[in-house]
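So the structure is just underneath, and the comments pick up after that.
Please treat every number below as a calculation from the coordinates, not as lab data. Note that the coordinates shown come from a computational prediction; the quantities given were computed from them, not determined experimentally. Ideal geometry is used to build each Cβ from the backbone, glycine not excepted, and the neighbour counts take in all protein chains shown.
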Amino acid sequence: MSRSRDAIGISSVGDSKSLIIVLCGPGGVGKGTVARLLVEDDPSLWLSRSWTTRPHRDGEPEDAYYFVDKSEFMSMADKGGFMEWAEFLGNLYGTPWPDSLPTDNDILLEIDVQGAMQVRERFPDSLVVLLLAPSKDEQRRRLEGRGDSEEHIELRMKEAAKEIESAKEIADATVTNDSLDRVVGEISAIINDRRVSRSGQQ
Ligand code: 5GP
């Protein structure tokens with residue numbers, strides 16, 4: 001019997017005891033750094049590596065994404081190979097189903113708000129954390145630091161306002177990235193609270 005990747009993915013993730021944690025929010029709020037620190041502090045978190053059609057940025061780690069062209073991405077999407085995927089400012093981004101999940105790990109996804117909404121719908125028990133920048137000026141400064149064009153930065157700032165509105169409707173918690181140590185501590189505490197309440201239900 002042949003099973004689609006979707007069926008395999010849902011059963012391996014849906015049946016597992018893993019908590020799915022979604023760190024979402026607009027660009028420039030520091031999601032990537034916060035996700036990395038959360039995983040460094042908590043070895044039981046497993047950070048998913050996304051696929052993207054966006055070109056690799058100068059200075060970006062080679063393994064920041066699995067960089068593919070559009071046809072490779074769409075053939076993966078057509079096979080149901082993504083847990084969620086979305087188009088963001090002309091590029092495609094997707095979370096592949098984990099091939100095999102380490103049994104004791106919880107899954108951390110660092111994705112945009114459209115993706116977070118798909119995960120929330122597919123896995124209602126997931127924990128969705130919305131990360132915000134301390135101010136618009138700070139968010140713009142972080143986007144500028146990546147070397148994107150002024151036009152792209154403007155688009156991202158406009159997109160951010162819409163994303164925040166949508167994300168607030170699905171987020172379990174909203175946290176502000178005013179200090180890295182503080183926000184990582186706050187999110188870790190939110191994750192641990194959820195783990196405790198789930199273990200009480202099992
Ligand atoms: P960037 O191009 O700046 O790396 O990412 C653009 C946006 O795409 C960010 O908000 C980032 O969190 C989001 N993103 C990264 N990976 C994924 C993914 O697998 N799925 C979705 N939906 N968004 C992603």
Checklist entry - Considering the zone a paramagnetic label at residue 188 would reach in this model (a point 7 Å from Cα along the Cα-to-Cβ line), which residues of the range 42-68 have amide N under 18 Å from it? => result 42-47
Checklist entry - When the Kirkwood radius is taken over all Cα pairs of the range 74-174, what Stokes-Einstein diffusion coefficient follows at 37 °C and 0.692 mPa s, in µm²/s? => result 214 µm²/s
Checklist entry - Applying 1/(1 + (r/R0)^6) with R0 = 22 Å to the Cβ-Cβ distance of residue 121 and residue 64, what FRET efficiency is obtained, to the nearest 0.05? => result 0.25
Item to check | Three-way shape call for the range 5-201 based on the alpha-carbon gyration tensor, with the a/c threshold at 1.5 | outcome: oblate
Item to check | Separation of alpha-carbon centers, the range 116-137 and the range 20-69, rounded to whole Å | outcome: 14 Å
Checklist entry - Is the shape of the range 35-104 best called rounded, prolate or oblate, per the rule: a/c under 1.5 gives rounded, else a/b larger than b/c gives prolate, else oblate, with a ≥ b ≥ c the square roots of the Cα gyration tensor eigenvalues? => result oblate
Checklist entry - For the range 5-201, what is the percent of antiparallel DSSP beta bridges, rounded to the nearest 5? => result 30 percent
Checklist entry - If the limit is 26 Å between Cα atoms, which of 17/70; 31/168; 136/168; 31/162; 31/158 go over it? => result 17/70
Checklist entry - Tell me, what is the FRET efficiency for residue 152 and residue 42 to the nearest 0.05, using R0 = 35 angstrom and their Cβ-Cβ distance as r? => result 0.60
Checklist entry - Can you give the relative contact order of the chain as a percent, counting alpha carbon pairs under 8 Å and 6+ residues apart? => result 31 percent
Next on the checklist: What distance in nm separates the two pseudo spin-label positions at residue 99 and residue 178, each 7 Å out from Cα along the beta-carbon direction?
Outcome noted: 4.4 nm
Checklist entry - Based on Cβ point charges of +1 for Lys and Arg and -1 for Asp and Glu, what charge dipole magnitude is obtained for the chain about its Cα centre, in debye rounded to the nearest 20? => result 360 debye
